[in-house]
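Report on the structure given below.
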Ligand code: 5GP
């Protein structure tokens, strides 16, 4: 496979938590390792047991995070949950562009739209849509990473986020995962002008 155009572009995958965007983004990274790289976000939330600093997130203290906001180091940032900050560092996008690769994002809906507004035609914004809020709840419960209170927070956030779907370039429904993965591959190939 080869790239026939400049790869300095953004592939934004946004969705309510539990919609399957992380699975899709991982699949794309495995499928196109020479052309895309994951944008590691910064966060002030605590790492989960399996998470590694610099691989899953850059884990910062709240003070460190606020300092970076102050210095204008973020392209976008948000207090996604109360007291938990998340953001994309400008340096992260530069790092990946310097390797000649496109940047892929696993980011919440507001952050995704924020990036799309800044990068326009150089960004493809994909909304990953879960089949229903019921299914989303089941998936989050099975994942078992949240306390009941946090789960509820994520669900009410999801309900609001579903309303933003139409503002994205593409809405990718994740009912059948296999189908969604194939569709995501096609979207990337076409947006980055990759050919066999
Ligand atoms: P989690 O705590 O489950 O890793 O992520 C919580 C939410 O924060 C997810 O919806 C995730 O997509 C979002 N998120 C992760 N990184 C960023 C980022 O850099 N900016 C914004 N705005 N949201 C992010």
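Quick notes on this structure:
- The alpha carbon centroids of the stretch 1-22 and the stretch 48-69 are separated by 22 Å.
- Proxy reagent accessibility, fewest Cβ within 10 Å first, across 109, 170: 170, 109
- Residues 41, 166, sorted so that the one with the fewest Cβ neighbours within 10 Å comes first: 166, 41
- Whole-angstrom gap from the stretch 120-142 to the stretch 80-111, using each part's C-alpha centre: 18
- Antiparallel DSSP beta bridges within the chain, percent to nearest 5: 30
- By the beta-carbon count within 10 Å of each Cβ, the least crowded to most crowded order of 150, 82, 21, fewest first, is 82, 150, 21.
- Cα gyration tensor shape for the chain, rounded if a/c is under 1.5, else prolate or oblate: oblate
- Rounded to the nearest 500, the 222 nm mean residue ellipticity of the chain from helices alone is -12500 deg cm²/dmol, with -39,500 (n - 2.57) taken per DSSP H run of at least 4 residues.
No value in this document is a laboratory result; all are computed from the given coordinates. Computed from a prediction, not measured in an experiment: that's the story for all the values here. No Cβ is skipped: glycine too gets one built from the backbone with ideal geometry, and neighbour counts run over all protein chains shown.
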